Amino acid sequence: MTILLDNAILVTMDKKRPVLEAHKLIIQNGAIVEFGEQVKTGAYAVNETFNCSGKIVIPGLVNTHSHLTEILQRSFRDNVRKELWLHFRQMTEDAVRLTPEEIEAATELACAEMLKNGITATLDHFSIRSGLTAVNMQAVLTAFEKTGIRGILAPSLRDQDFLALIGVKSYSRKAIKGVSSGPIWEELIGVLEYVRKGSKISGFMLGPSSPQNCSDALLRKIIEIAERYDLGIHTHLLESRIERWGAWKLHREGLVERLSRLGLLSSRLSAAHCIWLDEKEIDLLASSETSVVHNPASNLKLGSGIAPVVRLKKRGVNIALGTDGGDTSDTYSIFDQMKLAAFLSRLDADNPREWVTAPDALSMGTLNGANAIPAWRGKIGQIKIGYSADLVILKPQLGIRPLNNIPRQLVFCHGGLSVDTVIVNGEVVVREGRLTRVNEEELIQKVEPVSQKMYRRYGLIKEHPNRLEASVRRLYQTANQSKSLRSIKRYPIGSRTPAR
């Protein structure tokens, strides 16, 4: 299949020439083979031509941290801390045990939303209370293939309960099953082999839930498997104040130094959130080439804080973007995250020269996201010959008119409203705003009854007195007074006085 994009405005992500006007671009066998002002199209047997006059073509956006089945609990909660939010989410899932078919439908709907928002690649940090069975994991992979999105499945692994370890009782009704050995690894390897044999767009990584929920033995096992099968690793890291304080209580070296000691920090690793970092920890992430995934909307909704993006950027850390889940940022939109990432940097640095610019944010949502994932590195994220044709054609709407500075307007204005056509691996998966592979209305009809059932169950759950809420409140009070938080020299959400 050969596709011609004719007379397009290309946003290449090349720092020297970021915007190219009136260009042609040739896609052949899923890859970009040529682009320029004077491309000789007669040399190609073009199957389809897109007239892109007045339209903008950008690399597909990359969502480097998401929880896709969470779309079922979209906007269930507000005004709760992360720890309490997670408890309610898990109890709701316990009350409604999802079938593989329901997992597949929910994941499809989230993928459909992302594609219509210009996201062509996503990492699903997959956690489900019904268990990490092969059939549940394959349901996610089936959703990737059905919608045509480029997807990474990173099953969430854990073998201990952090809050229980620091003394919080009755946190979860369901015991944590150990996964450091046994049948789970056979299932994981089986799913990995299934992916490698049968898909051009799906991939597999290991996803330790978060270091505080994993024993040293489990983390060493994850490193061993990742090296044996050449896999990336994805985890949550220091998302809340309690996690920082509790980590110092359990491991006097702190979480980041613990990961460094175990050998987990490397270019294989992408770490979501990374809010509560001190200077030494930022240096460790930078020197190890670990990528950080910034989730600004989720961090703001849960009151977790603001990641130190300016200082991470100054140290040369690769910073990507994630949407997190349907009940934490409530939309699967990287356009939203790019705008927030740029604006929030203004709160973290007094010097405007250090702020995240629109081109910086656009890179975080495209090229940096690709570079955070080993399987995508050097293959997607920019318009470059030899790269996979993961592209978005934008038909500028009123919200970004008149066109003056395209990178700024894509980030600061309503870029997501302009998505017209989406191409993944050379295939058109959204055409004139409509999905080509799945029926959006049918998906909604499948998913809404499941979501409404969960919402009713959640209504019953939240009516009962909850001891955890008081425990979490006390933990935050303790954490706020701890030495481990005072070592962080900045002005995060929740602090009473600026650190400057």
Pairs with Cβ under 6 Å, 6+ apart, first in region 394-405 and over 17 Å from residue 52 (Cβ atoms), second surrounded by 12 or more Cβ atoms within 10 Å (Cβ to Cβ): 399/413; 399/414; 399/417
Among the residues listed as 164, 106, 95, the single one being modelled with pLDDT of 95 or more and among the aliphatic types (A, V, I, L, M): 106
Residue in region 83-106 that is within 30 Å of residue 415 (Cα to Cα) and under 16 Å from the mean Cα position of the chain (by Cα) present: no
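With the structure loaded, tell me whether residue 252 is over 24 Å from the mean Cα position of the chain (by Cα), closer than 23 Å to residue 483 by Cβ and assigned to a loop (DSSP other than H, G, I, E, B) or whether it fails that test. Step through it out loud before you land on a result.
Numbers: over 24 Å from the mean Cα position of the chain (by Cα): yes; closer than 23 Å to residue 483 by Cβ: yes; assigned to a loop (DSSP other than H, G, I, E, B): yes.
It is true that residue 252 is over 24 Å from the mean Cα position of the chain (by Cα), closer than 23 Å to residue 483 by Cβ and assigned to a loop (DSSP other than H, G, I, E, B).
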Residues (surrounded by 14 or more Cβ atoms within 10 Å (Cβ to Cβ), among the polar types (S, T, N, Q) and under 30 Å from residue 393 (Cα atoms)) located in region 430-486: 436
Cross-chain or 6+ apart pairs with Cβ under 9 Å, region 150-165 first and β-branched (Val, Ile, Thr), then assigned to a loop (DSSP other than H, G, I, E, B): 152/205; 152/232; 152/373; 152/375; 152/376
Residues within region 12-22 that are surrounded by 14 or more Cβ atoms within 10 Å (Cβ to Cβ) and touching a Ser or Thr at 6+ places or on another chain (Cβ under 9 Å), tallied: 4
Scan of region 19-36 for residues that are over 28 Å from the mean Cα position of the chain (by Cα) and in contact (Cβ under 8 Å) with a residue 24 or more places away in the chain, ordered by number: 25, 26, 28, 33, 34, 35
Subset of region 288-329 that is assigned to a loop (DSSP other than H, G, I, E, B) and within 13 Å of the chain's Cα centre (by Cα) - its residue that is nearest to residue 355 (Cα to Cα): 295
Only one of 104, 113, 70 that is crowded, with 19+ Cβ neighbours inside 10 Å and either aliphatic (A, V, I, L, M) or free of Cβ contacts under 8 Å to residues at least 60 places away in the same chain (or both): 104
Residues (assigned to a loop (DSSP other than H, G, I, E, B), of a type outside the set (A, V, I, L, M, F, W, C) and on the phi > 0 side of the Ramachandran plot) located in region 1-35: 29, 30
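If you check 66, 75, which single one turns out to be assigned to a loop (DSSP other than H, G, I, E, B) and among the polar types (S, T, N, Q)?
Values: 66 fails: assigned to a loop (DSSP other than H, G, I, E, B).
Of 66, 75, the one residue that is assigned to a loop (DSSP other than H, G, I, E, B) and among the polar types (S, T, N, Q) is 75.
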Residues of region 259-287 satisfying the condition of being under 17 Å from the mean Cα position of the chain (by Cα) and basic (Lys, Arg): 268
Residues of region 376-412 satisfying the condition of being of a type in the set (A, V, I, L, M, F, W, C) and surrounded by fewer than 20 Cβ atoms within 10 Å (Cβ to Cβ): 385, 398, 403, 412
Yes/no for residue 57 being more than 16 Å from the chain's Cα centre (by Cα), modelled with pLDDT under 95 and of a type outside the set (Gly, Ala, Ser): no
Residue 92 out of contact with any Gly (no Cβ under 9 Å at 6 or more places or on another chain), in a helix (DSSP H, G or I) and in the same structural domain as residue 191 (by TED's automatic domain parsing): yes
Residue count, region 330-360 (criterion: part of a helix (DSSP H, G or I) and not acidic (Asp, Glu)): 17
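Modelled with pLDDT of 95 or more, assigned by TED's automatic domain parsing to the domain that holds residue 124, of a type outside the set (Asp, Glu) and crowded, with 23+ Cβ neighbours inside 10 Å: does that describe residue 262? Reasoning before the result, please.
Details: modelled with pLDDT of 95 or more: yes; assigned by TED's automatic domain parsing to the domain that holds residue 124: yes; of a type outside the set (Asp, Glu): yes; crowded, with 23+ Cβ neighbours inside 10 Å: no.
Here the answer is no, as residue 262 does not meet what is asked.
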Tabulated pairs, region 263-286, first more than 13 Å from residue 237 (Cβ to Cβ), second part of a strand (DSSP E or B) and at pLDDT 95 or above, C-beta under 8 angstrom, 6+ apart or interchain: 267/291; 268/233
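The values are calculated or read from the model by the stated rules, or taken from the named source; none is laboratory data. Being a predicted model, the structure only gives us computed values, none of them experimental. We place every Cβ from the backbone using ideal geometry, glycine too, and count neighbours over all the protein chains shown.
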